[in-house]
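Just below is one structure, and these are the notes that go with it.
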């Protein structure tokens, strides 16, 4: 259970913030940057939903938004040597929100393979509906497609920041796999929102060159 009795705590006024295991790190720490970008991605998906994406995609996006809180919860609790990603509970709050539940009673939530596998099924289903690509496409088209392209790029940045964190700290590999699959899914959904790809704007290499 999450209890948010106070939105501001003043505990971060010195530039430090608390992780899920109770330790404190600078707000500039790569771990904070990683799950901060995951939070940004979640907000961008909310904007995409507001653009009127098709009903089936909207339903899946809401599920993904919930998954992204799982991703943030995973990232905010550093890996322990005996962590085998089998736990199923942790509370994650964006920004300065913190749980009032004692840390000692909380087991870390870890992203699982099945969450990325679900994205793969959705990718396969979308690709079956799309016209084949003959070139790279320019981000844009319909409002919904443009919003999903923005989400795709933020997702790629989140993936990169997780990989940068993994260069010196252990992470759950399923976090990165999930983000990798999600960026691919957002790409094909953006194409679906452009009349199944028929309204995509193709890149023409060197189109504006003088020679």
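Derivation of every value follows stated rules applied to the coordinates shown; laboratory data play no part. Note that the coordinates shown come from a computational prediction; the quantities given were computed from them, not determined experimentally. Ideal geometry is used to build each Cβ from the backbone, glycine not excepted, and the neighbour counts take in all protein chains shown.
Taking square-rooted eigenvalues a ≥ b ≥ c of the alpha carbon gyration tensor, is segment 144-211 rounded, prolate or oblate, where a/c under 1.5 means rounded and, failing that, a/b exceeding b/c means prolate?
Oblate shape, in that a/c is at least 1.5 and b/c is the bigger or equal ratio.
Please give, to one decimal in nm, the separation of the simple spin-label points placed at residue 113 and residue 163, each 7 Å out from Cα toward the Cβ.
It works out to 2.2 nm between the two label points.
Write down the Å³ per residue value for the convex hull defined by the alpha carbon atoms of segment 123-171.
It comes to 121 Å³ per residue, whole-number rounded.
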